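Following: one structure in structure tokens, then a few remarks.
The values are calculated or read from the model by the stated rules, or taken from the named source; none is laboratory data. Note that this is a predicted model, so its numbers are computed, not measured. In this analysis, Cβ positions are derived from the backbone assuming ideal geometry, glycine residues included, and neighbour counts consider all displayed protein chains.
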Amino acid sequence: MKNYHKNIIILASGNGTNAINIINHFSNKNTLSDSDLFNISIKALVCNNLDAPVINKVKNINNDIKLCCIPFNKTAERILFEEELSGIVDEYKIDYIILAGFMKILSDDFVLKNLNKIINIHPSLLPAFKGKNAIKDAFDYGVKVTGVTVHFVIPAIDSGPIILQEPVFIEESDTVEFLEEKIHKLEHKIYIKALEIVLLEKIKIVDNKVKIFE
């Protein structure tokens, strides 16, 4: 029986629907099968926005998760934010840093120091429609298919080895608001699936591509 124990932290900036979904899924999930012991320890939620709704949401569902509010709203605050974040990563021996609605850009130095440890979700089929307005950009462009991508973070924005992608079809009757609902619903499903693949060590990165195996 193999023991899969991983320590993770979650970074979020706002409502934190993906963060809460991850916490609810993994907090009491110790086994994935009869043969594999699967223990995920969510050590902390790190938030750059002191007024973010996600903070109170986490307080209400899990008292064991350390809440760290580190101001990072201006580029000048990034150095201090990353220094404190690095301290948390070292203190708790963090295996993976999960970005869940984290709306700030980490420095190249921090990303390279934690290469293949930072995971992000993006509401498009990368490399198409990068950036914070990906859903609206895809809708306005008139594409018939967009989707969701889970990927490792590299210094280039919305890039890095892709773990999983799934499509979302845009119907003629869709509004941009309805498209957002469809994409967010898929995000909750695919992020959990991708994280389980990574945390169970079912991947290997070769030539910037993620190979998934059983």
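Could you please tell me which pairs satisfy a Cβ distance under 6 Å, a separation of 6+ or placement on different chains, a first residue in the range 164-175 that is touching a residue at least 40 places away in the same chain (Cβ under 8 Å), and a second residue that is of a type in the set (S, T, Y) and surrounded by 15 or more Cβ atoms within 10 Å (Cβ to Cβ)?
That search, which allows pairs on different chains as well, returns Q165/T149.
Mind checking which residues of the range 130-146 are more than 25 Å from I22 (Cα to Cα) and in a loop (DSSP other than H, G, I, E, B)?
Once the filter is applied, which keeps residues that are more than 25 Å from I22 (Cα to Cα) and in a loop (DSSP other than H, G, I, E, B), the range 130-146 yields G142, V143, K144.
Would the range 197-214 turn up any residue that is within 19 Å of L99 (Cα to Cα), touching a residue at least 40 places away in the same chain (Cβ under 8 Å) and assigned to a helix (DSSP H, G or I)?
Yes, because at least one residue in the range 197-214 is within 19 Å of L99 (Cα to Cα), touching a residue at least 40 places away in the same chain (Cβ under 8 Å) and assigned to a helix (DSSP H, G or I).
Given the conditions (1) in the same structural domain as Q165 (by TED's automatic domain parsing); (2) touching a residue at least 24 places away in the same chain (Cβ under 8 Å); (3) hydroxyl-bearing (S, T, Y), and given that Y141 satisfies all but one, which numbered condition is not satisfied?
All conditions are met except number (2).
Please work out which residue is nearest to N208 (Cα to Cα), limiting yourself to the range 83-136 and to residues that are of a type in the set (K, R) and in contact with a strand residue (DSSP E or B) (Cβ under 8 Å, 6 or more places away or on another chain).
Selected residue: K117.
It is to be established whether one or more residues within the range 84-107 are more than 20 Å from I190 (Cβ to Cβ), touching a Pro at 6+ places or on another chain (Cβ under 8 Å) and modelled with pLDDT of 95 or more.
Among the residues of the range 84-107, not one is more than 20 Å from I190 (Cβ to Cβ), touching a Pro at 6+ places or on another chain (Cβ under 8 Å) and modelled with pLDDT of 95 or more, which makes the answer no.
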